[in-house]
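These notes concern the structure reproduced below.
The values are calculated or read from the model by the stated rules, or taken from the named source; none is laboratory data. All values derive from a computational prediction rather than experimental measurement. Every residue, glycine as well, gets a Cβ built from its backbone with ideal geometry; the counts of neighbours run over all protein chains shown. Just so you know, the surface numbers come from the protein's heavy atoms only, side chains and all, with ligands and any DNA or RNA stripped out. Shrake-Rupley method; radii C 1.70, N 1.55, O 1.52, S 1.80 Å.
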Amino acid sequence: MIVVNIDKLLLERGLSVGEFAERVGITPANVAVLKNGRAKAVRFTTLESICEVLDCQPGDILSWQPDDLTRR
């Protein structure tokens with residue numbers, strides 16, 4: 001499963017969800033969708049904005065962890 005690490009990065013950078021959403025150009029509701037792992041896709045332009053705002057690489061935001069189905 002793909003894990004989104006936005007919470008950790010926001011905490012490390014002292015950003016609120018509202019401030020982050022405004023700077024990235026997305027709604028706080030869409031930030032919640034990303035944070036909760038409910039997003040089905042992310043546009044590269046959005047990912048680029050997230051990386052710019054958080055001063056990070058895409059791999060800092062997204063990581064892969066095996067789930068029960070992967071282990072079979």
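On full extension of the chain, what length is gained from Trp64 through Ala39, given 0.36 nm per residue of separation minus the C-alpha to C-alpha distance?
7.5 nm
Using a 1.4 angstrom probe on heavy atoms only, work out the carbon and sulfur share of the accessible area of the stretch 1-61 in %.
Of the solvent-accessible surface of the stretch 1-61, carbon and sulfur hold 52 percent.
(1) 22, 12, 12; (2) 33, 25, 6; (3) 19, 13, 9: which one is semi-axes √(5λ) of the Cα gyration tensor in Å as calculated from this entry?
(1)
Please find the FRET efficiency linking Ala29 to Cys56, where r is the Cβ-Cβ separation and R0 is fixed at 22 Å, and quote it to the nearest 0.05.
0.50
Tell me, what is the per residue accessible area of the chain in Å², probe radius 1.4 Å?
Value for the chain: 72 Å² per residue.
For the stretch 23-72, with only Lys/Arg (+1) and Asp/Glu (-1) charged at the beta-carbon, what is the dipole magnitude about the Cα centre, in debye rounded to 20?
For this selection, approximately 280 debye.
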